[in-house]
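Asker: Below is one structure. I have some questions about it.
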Amino acid sequence: MSASTLMVRDLAIAAASHPKIETAVNAALKETLPSVIEEILSQQYGGQKIEFYVAKRSASSRRDRDNAIRTKFNGRNIKALSNEFKLSISQITKICKF
């Protein structure tokens, strides 16, 4: 790779994190992404009924929540944790791995 290629790459990396670039990219994505997704789905699954599950929380936020539950668990507070985290007692039990 030539020195000029590396300089252009470094410039592109630096520019990508500039607030104006981020704002412009986000605006462009918000404008075009829905139609691109619609087009891809139409091409791949046109005429078909498709169903999919969308999780309420990301895996990382679930992991953080579960770690908080385990940290607060003292062996006798399952009901309180259930109320605090708005989960069933059986879910709290599974998270704490009885």
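Asker: Tell me, what HN-Hα J-couplings in whole Hz come from the Karplus equation 6.51 cos²θ - 1.76 cosθ + 1.60 at θ = phi - 60° for each residue of the stretch 71-88, using x for Gly and Pro?
Answerer: Residue by residue, the stretch 71-88 yields 5, 7, 5, 10, x, 10, 10, 4, 4, 5, 5, 4, 5, 4, 9, 6, 10, 6 Hz.
Asker: Roughly how many debye, to the nearest 20, is the charge dipole of the stretch 3-45 about its Cα centre, given +1 on each Lys and Arg Cβ, -1 on each Asp and Glu Cβ, and no other charges?
Answerer: In debye, rounded to 20, the stretch 3-45 gives about 160.
Asker: Among the lysines, which fall within straight-line cross-link reach of residue 97, defined as a Cα-Cα distance under 19 Å, with same-chain neighbours fewer than 8 residues apart omitted?
Answerer: Result set, ordered by chain and number: 72, 79, 86.
Asker: What is the dipole size for the stretch 11-86, taken about its Cα centre, with +1 at each Lys and Arg Cβ and -1 at each Asp and Glu Cβ, in debye to the nearest 20?
Answerer: The dipole magnitude comes to about 760 debye.
Asker: A further question on this structure: If the chain between residue 86 and residue 20 were fully stretched, how many nm would it gain, using 0.36 nm times the residue separation less the Cα-Cα distance?
Answerer: 19.7 nm
Asker: Follow-up. Can you classify the stretch 30-98 as rounded, prolate or oblate using the Cα gyration tensor, where a ≥ b ≥ c are the square roots of its eigenvalues, rounded means a/c under 1.5, and otherwise it's prolate if a/b beats b/c and oblate if not? Display every interim value, and only then the final one.
Answerer: Values: a/c = 4.46, a/b = 2.96, b/c = 1.51.
Judged from the Cα gyration tensor, the stretch 30-98 comes out prolate (a/c at least 1.5, a/b above b/c).
Coordinate-derived values only; no laboratory data. These numbers were taken from a predicted model, which means no experiment stands behind them. Glycine also receives a Cβ, built like all others from the backbone with ideal geometry; neighbour counts cover every protein chain displayed.
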